[in-house]
Amino acid sequence: MRQFMRHPADIPIEVGAGDDALHGAHHTSNLGVGGLAFHCEREIDPGRVISVRIPLVRPVFSTHARVVWCRSSAEGFDLGVEFLDPDDAFRARMVEQVCHIEEYRLAVQREAGRTISAEQAAAEWIAKHAAQFPSAGPDGFH
């Protein structure tokens, strides 16, 4: 049974496996406090530690994650990874911000009839709302 709630999200991420950068466009399919799932062109064995970076959130989210599962799909592989960093508070803040950005992207499409990319949504949301997004606390994460 899944330990953390997952949020559907189409967020661009950067992924690396040691010295091997996994090139190509990677987008999350869902995201939660404990980890995320994404599509990859290559198979990665479960248990392998990879780096994950989400440059659209502020501060930029960067961590290491362990591949929990890897399943063949029509266009490559779908992977599920769990975060290794025990700082749940920071991850929760990152997830919350990413979900706000995705909600903003969908609202712009629904209410204004304007289709924007995840990158455009992040830039607009940060410009409009990041100052009101509460800080994670006195530990230095803002």
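Where a number appears in this text, it was derived from the coordinates with a stated rule and is not lab data. Every value quoted in this text rests on a predicted model; they were computed, and no experiment measured them. Cβ: placed from backbone, ideal geometry, glycine included. Neighbour counts: every protein chain shown.
Here are some notes:
- Cβ-Cβ FRET estimate between H129 and R66, R0 fixed at 35 Å, reported to 0.05: 0.60
- Quarter of the Cα convex hull surface for region 9-129, i.e. its orientation-mean projected area (nm²): 7.7 nm²
- Neighbour counts of C-beta atoms inside 10 Å place T28, T63, T115 in the sequence T115, T63, T28, starting with the fewest.
- Mean separation of Cα contacts under 8 Å, 6 or more apart, over the residue count of region 9-129: relative contact order %: 23 percent
- In region 50-100, the convex hull through the Cα atoms has an average projected area of 4.2 nm², a quarter of its surface area.
- With a Förster radius of 30 Å applied to the beta-carbon distance between D85 and Q109, the computed FRET efficiency rounds to 0.35.
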